[in-house]
1. If only one of MET198, MET153 is in contact with a His (Cβ under 9 Å, 6 or more places away or on another chain) and either aliphatic (A, V, I, L, M) or not assigned by TED's automatic domain parsing to the domain that holds LEU81 (or both), which one is it?
2. Give the number of residues within region 13-72 that are more than 24 Å from the chain's Cα centre (by Cα) and at positive phi.
3. Looking at region 235-267, which of the residues that are within 18 Å of GLY293 (Cβ to Cβ) and aromatic (Phe, Trp, Tyr) is surrounded by the most Cβ atoms within 10 Å (Cβ to Cβ)?
4. Which condition from (1) outside the structural domain of ILE296 (by TED's automatic domain parsing); (2) free of Cβ contacts under 8 Å to residues at least 12 places away in the same chain is the one that GLY213 breaks?
5. Would you point out the residue of region 349-370, among those that are assigned to a helix (DSSP H, G or I) and more than 35 Å from the chain's Cα centre (by Cα), that is surrounded by the most Cβ atoms within 10 Å (Cβ to Cβ)?
6. Are any of the residues in region 116-124 assigned by TED's automatic domain parsing to the domain that holds MET162, surrounded by fewer than 19 Cβ atoms within 10 Å (Cβ to Cβ), touching a residue at least 60 places away in the same chain (Cβ under 8 Å) and touching a strand residue (DSSP E or B) at 6+ places or on another chain (Cβ under 6 Å)?
7. Residue check: is ALA58 under 18 Å from GLY191 (Cα atoms) and in the same structural domain as PRO149 (by TED's automatic domain parsing)?
8. Can you pull out the residues in region 21-40 that are farther than 20 Å from ALA69 by Cβ and surrounded by fewer than 21 Cβ atoms within 10 Å (Cβ to Cβ)?
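The values are calculated or read from the model by the stated rules, or taken from the named source; none is laboratory data. Since the structure is predicted, the reported quantities are computational estimates derived from the model, not experimental observations. Heads up, the Cβs are rebuilt from the backbone with ideal geometry, glycines too, and the neighbour counts pull from every protein chain shown.
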Amino acid sequence: MGPLHGVRIVELAGIGPGPFCGMMLADMGAEVISVERVGVTADQPELDCSRRGKRSVALNLKTPEGVKALLKLVETADALLEGFRPGVTEKLGVGPDDCLAVNPRLVYGRMTGWGQYGSMAQAAGHDINYISLTGALHAFGRKGEKPVPPLNMVGDFGGGGMMLAFGMVCALLEAQKSGKGQVIDAAMTDGSAVLMSMFNSAHERGTHSLERGVNRLDSGAHFYDTYETADGKYISLGSIEPQFYAQLIEVAGLPADKFADQMDKSKWPELSEIVADTIKQKTRDEWCELMEGSDICFAPVLDLIEAQSHPHNLERNTYVEIGGMKQPAPAPRFSRTEAHIRFAAKPYGEDTDALLQEIGYSAEEIGQLRVGKACN
């Protein structure tokens, strides 16, 4: 059933972090209704993880009839989420004031890169820009090299989609007590700044340098890095604690005298070279035989496909097959209200008739909406 069973959420369809937020909520049991644009199609929608578990209705919000239908849907919902630039939904007539007027208990979630206000609020941007502004991108990369974008996981999905999902659940809990809805302003700049909290603290304490690639967790330390193996693959080490570090030295056969002073940063570059030379003497599988499952803090660096067949991931069902596609299972796990994927992603607008009928439209009225191009 999922912990959010019984919660109805309207998602104004977009790309990337918005659908990801909706996916997370749907995975947890919420009924998520994705409102698509009329005429939108896609090949193999079942291969889009972010659309899984959602019902789909196609409405033209540039028509009065389409807006009216959406507002009728909002009357039945607990929450709505959107990821347009500030002011877009207001112009369409489905902004916070419009929606809260028909449903005062509604949680209205808004996600943008820069936020709903501020000097850059109306500017275009992408993940790489948002995490640039908060110091996050500056921290990714090796010493003496340029910053490396961590895909779009930190801004879009971590600082954006997950932060909005968290905010919506918080607001839904509050609405149960107060009987009142509210608007959530989830900015990827704000979210990615929060994700950097630990490093803000470390810098204030003088334990984290602003220079890239010289710190304990950014490839500066020989005991926390990735290393190439004899077969051109990679392994990762995270032997921070002294007892784990001691195991690394013993199992890898590193010279104990040279590696005795673990936290002497002046020695890290030299020790990194020794570790690199050592790791390259064996294949990835050979190092797995020696280190995997130990307290060394070790793991092979797997690609997306390899990860699906690793024994640990198989034992936990970390990946599931839905609609002919292997994809990540819902997370986190619950002991009683188990989360699950209700069904694979549907074709755009597949549930239009059913959903409109649920909110009171007759077959004849739906036909009239189609004639007026207000729905698919």
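1. On the way: MET153 fails: in contact with a His (Cβ under 9 Å, 6 or more places away or on another chain).
Just a single option satisfies the conditions, and that option is MET198.
2. Residues flagged as more than 24 Å from the chain's Cα centre (by Cα) and at positive phi within region 13-72 amount to 1.
3. Ranking the candidates gives TYR245 first.
4. All conditions are met except number (2).
5. Taking the candidates together, the pick is LEU369.
6. Yes, that holds for at least one residue.
7. On the way: under 18 Å from GLY191 (Cα atoms): no; in the same structural domain as PRO149 (by TED's automatic domain parsing): yes.
No.
8. Here is the first cut: in region 21-40, the residues farther than 20 Å from ALA69 by Cβ are 21, 23-30.
Listed by number, the list is empty, since nothing qualifies.
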